[in-house]
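Bear in mind that the values in this text are calculations on the coordinates, not laboratory data. Keep in mind that this is a model prediction, so the values were computed, not measured. Counting neighbours? That spans all protein chains shown, and the Cβs are built from the backbone with ideal geometry, glycine included.
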């Protein structure tokens, strides 16, 4: 049997690549590579050699043109110098090959601004939603409760129960749609995988701080109709071990953090379907 391989793209301001790579290794991927975006653009590294692509958080291009907007334009228009093909063709081939993509925070912002989510009717290059400045007008660094849609096609959330507890750290995390029809489509197809909620995971949270940014319909994460392409604002890679929990010295906690199950499901899917 072949090896399951994960790749974490870094560069241009991202700063969560080590955490994401650790989560991939801990979850069971046989090989995990951290690759600078320049390695992809030069052709020294190709997405074709991997099964799970991680687009991580940070401050892409200093967020000077809006979070991840410059990187989205770069990836949609740049050529791979060795082959001359558009880099975006590698992304599309990756998705059409049945592979997995997870974008976290800046990575989620990058995906929606490229048009990779929600990907109605298989269109991964049409932007229908965005993530913009938090309603509170401030950067938020706090922990949030997320309820999970049990009817979502998302492969990452299988067996995760009603919800999970993860940290957020962003200034532009407010999810909004271009039209009410887009929002209706997202909800009717159960693509809004995660929604901000309270500690009881009882109902979507509309008020600050449970909803830290004012997102429409409390949406914190989104998948495509295949369930293989996922973006979310909270950071699952930042809670894969109990020592990352803010109360780990005061409470008896399970050894595994809530975020690890997302990566473990990716590793299981890759082994069962892609090697």
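Gain in length, residue 268 to residue 123, computed as 0.36 nm per residue apart minus the alpha-carbon separation, to one decimal in nm?
Contour length minus Cα-Cα distance gives 49.6 nm.
Have a look at 243, 130, 206 and tell me which one the Gaussian network model of the chain (Cα, springs below 10 Å) gives the largest fluctuation.
243
What is the fewest-to-most order of 252, 138, 264 by other Cβ atoms lying within 10 Å of their Cβ?
Fewest-to-most ranking of 252, 138, 264: 252, 138, 264.
Just one of (i) 0.94; (ii) 1.01; (iii) 0.99 is Rg/Rh (Cα atoms, Kirkwood Rh) calculated from these coordinates, so which is it?
(i)
Enumerate the residues in the range 246-261 having an amide nitrogen under 15 Å from the point lying 7 Å beyond the Cα of residue 162 toward its Cβ.
Flagged as within label range: none.
How big is the shadow of the Cα convex hull of the range 58-199, averaged over all directions, in nm²?
9.7
Give the calculated FRET efficiency between residue 206 and residue 76 to the nearest 0.05, with a Förster radius of 25 Å applied to their Cβ-Cβ distance.
Taking R0 as 25 Å, the efficiency between residue 206 and residue 76 is 0.15.
Using alpha carbon coordinates only, what is the Rg to Rh ratio of the range 6-89, with Rh defined as the Kirkwood radius?
Expressed as Rg/Rh, it is 0.98.
Between residue 139 and residue 182, 0.36 nm times their residue separation minus their Cα-Cα distance comes to what?
12.8 nm
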